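Take a look at the structure set out below.
The values are calculated or read from the model by the stated rules, or taken from the named source; none is laboratory data. No experiment lies behind these values; they were computed from the predicted model shown. So basically every Cβ, Gly included, is an ideal-geometry build from the backbone, and we count neighbours across all protein chains shown. Note: areas computed on protein heavy atoms with side chains; ligands, DNA, RNA excluded. Shrake-Rupley method; radii C 1.70, N 1.55, O 1.52, S 1.80 Å.
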Amino acid sequence: MKSYNVAVIPGDGTGPEVIREGIKVLNAISSRFSIAFNFHQYDFGGTRYLRTGEILPDGAVDELRKFDAIYLGAIGHPDVKPGTLEKGILLRLRFELDQYINLRPVKLYPGADCPLKNKKPEDIDFIVVRENTEGLYAGAGGVLKKGTPDEVAVQESINTRKGVERCIRFAFEYCRKRNKAKKLTLCGKTNVLTFAFDLWERAFYEVAKEYPDIKVDYAHVDATTMWFVKNPEWFDVIVTDNMFGDIITDLGAMIQGGMGIAAGGNINPEGVSMFEPIGGSAPKYTGQNVVNPLAAICAGGMMLEQLGEQKPAELLEKAVIEVTGKYLKSLAAGKMGYGTTDVGDLVAKFVTELSLD
Ligand code: IPM
Ligand code: MN
């Protein structure tokens with residue numbers, strides 16, 4: 001029997017509630033297939049920080065490196081200064097574990113309400129490959145004369161040929177493996193960011209020569225947001241930098257039915273990857289059993305896929321579709337018609353009962 005060691009960081013706010021349901025579903029998967037999960041819990045997050053003053057203990061990153069995967073709830077606490085936990089935990093893990101891809105599927109499931117008029121599940125099914133270790137997130141820059149009328153703030157976007165090329169290469173490989181429209185769109189801003197996106201564009205078309213089976217396309221980031229709303233069916237796989245990827249995937253989450261369903265994976269193809277619902281800690285709903293755990297459950301599905309457990313990942317998705325299609329009134333917190341734990345129970349039940357083909 002295959003067994004996986006998974007580090008679990010439930011985190012802040014509603015993170016623990018949704019991760020609990022994700023684990024429930026993964027345990028149902030493990031009873032159905034011959035795989036086992038050993039979950040190891042870590043209490044990193046705002047609550048621990050407020051109690052101990054420590055963001056990540058020494059050695060934590062190296063300890064996490066030894067796991068097969070990391071399952072993360074949410075990081076962010078209303079009593080902690082914005083940026084502290086984001087930089088000190090989430091971004092630090094992405095960077096130090098070299099999770100250079102942030103993979104974010106945008107898929108409208110049956111039953112999910114889409115704010116776009118006349119768009120159906122067959123129209124919204126694409127995936128964003130966001131570069132996850134460079135760009136504006138690298139932290140390059142500085143400030144001079146802070147607090148004076150002459151203050152200068154510089155925040156630079158770092159784009160290395162190596163970092164950009166490995167991300168683009170991943171996107172081509174992913175597009176080929178996904179085997180749908182086989183179309184890869186580079187999302188950039190070549191008309192203004194003439195240094196950074198010149199590098200991206202050259203790398204993109206050079207790597208494209210190795211993938212004659214993939215159609216290539218380019219869209220400026222501003223136009224991309226327009227097409228997301230107007231013609232989402234044009235997209236199959238999109239590759240973009242860290243900042244643009246951050247922005248367009250929030251829009252992506254909205255057109256697939258909201259944060260309640262949006263999952264993501266921080267991938268290091270050669271190391272340990274980390275899976276998370278992308279919606280944040282939603283502190284105002286904490287402890288009320290009203291948030292939607294499907295994003296966390298779907299993040300668990302992405303984890304299965306990354307571990308090479310294709311069949312279990314497919315079954316998990318099928319179970320989620322059963323629940324969105326036939327049970328939930330809405331995907332929004334407090335409006336599902338079911339509690340957080342009920343939704344986890346339903347998905348786990350279908351994981352146990354649905355046929356495998
Ligand atoms: C995300 C989040 C993070 C980001 C924040 C919390 C640092 O918005 O995962 O998209 O900007 O990457
Ligand atoms: Mn974001």
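Descriptive notes on the structure:
Results for (1) among the polar types (S, T, N, Q); (2) away from ligand 2 (no atom under 16 Å from the Cβ); (3) in a helix (DSSP H, G or I), shown as yes or no for each residue.
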residue: Q155; (1), (2), (3): yes, yes, no
residue: Y174; (1), (2), (3): no, yes, yes
residue: K180; (1), (2), (3): no, yes, no
residue: T190; (1), (2), (3): yes, yes, no
residue: F197; (1), (2), (3): no, yes, yes
residue: A219; (1), (2), (3): no, yes, no
residue: T224; (1), (2), (3): yes, no, yes
residue: W227; (1), (2), (3): no, yes, yes
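- Some residue of the stretch 48-66 being among the basic types (K, R), farther than 30 Å from I321 by Cα and in contact with a strand residue (DSSP E or B) (Cβ under 9 Å, 6 or more places away or on another chain): yes
- Neighbours by Cβ (under 8 Å, 6+ apart or cross-chain): first from the stretch 77-99, at negative phi; second of a type in the set (S, T, Y) and open to solvent by 70 Å² or more (accessible area, probe 1.4 Å): H77/T47
- Index of the failed condition, A223 passing every other in (1) open to solvent by less than 40 Å² (accessible area, probe 1.4 Å); (2) within 12 Å of ligand 1 (Cβ to nearest atom); (3) among the hydrophobic types (A, V, I, L, M, F, W, C): (2)
- Residue check, G308 without any contact (Cβ under 8 Å) to a residue 40 or more places away in the chain, assigned by TED's automatic domain parsing to the domain that holds A333 and crowded, with 22+ Cβ neighbours inside 10 Å: no
- Selected residue (only one of V80, V8, V25 is in the same structural domain as P283 (by TED's automatic domain parsing), at pLDDT 95 or above, open to solvent by less than 20 Å² (accessible area, probe 1.4 Å) and assigned to a loop (DSSP other than H, G, I, E, B)): V80
- Residues located in the stretch 264-291, provided they are charged (D, E, K, R), under 30 Å from Y100 (Cβ atoms) and out of contact with any Leu (no Cβ under 6 Å at 6 or more places or on another chain): E270
- Pair list, Cβ under 8 Å, 6 or more apart: the stretch 267-285 residue away from ligand 1 (no atom under 11 Å from the Cβ), other residue of a type in the set (F, W, Y): I267/Y100; I267/F170; N268/Y100; P269/F170; V272/F67; F275/Y71
- Residue among E63, E86 that alone is open to solvent by 10 Å² or more (accessible area, probe 1.4 Å), modelled with pLDDT under 95 and in a helix (DSSP H, G or I): E86
- Every listed requirement among (1) under 30 Å from D198 (Cα atoms); (2) open to solvent by 50 Å² or more (accessible area, probe 1.4 Å); (3) of a type in the set (S, T, N, Q) is met by N102 save one, (2).
- Restricting the stretch 229-243 to residues that are more than 25 Å from F95 (Cβ to Cβ) and in contact (Cβ under 8 Å) with a residue 60 or more places away in the chain leaves a set whose member that is farthest from ligand 2 (Cβ to nearest atom) is E233.
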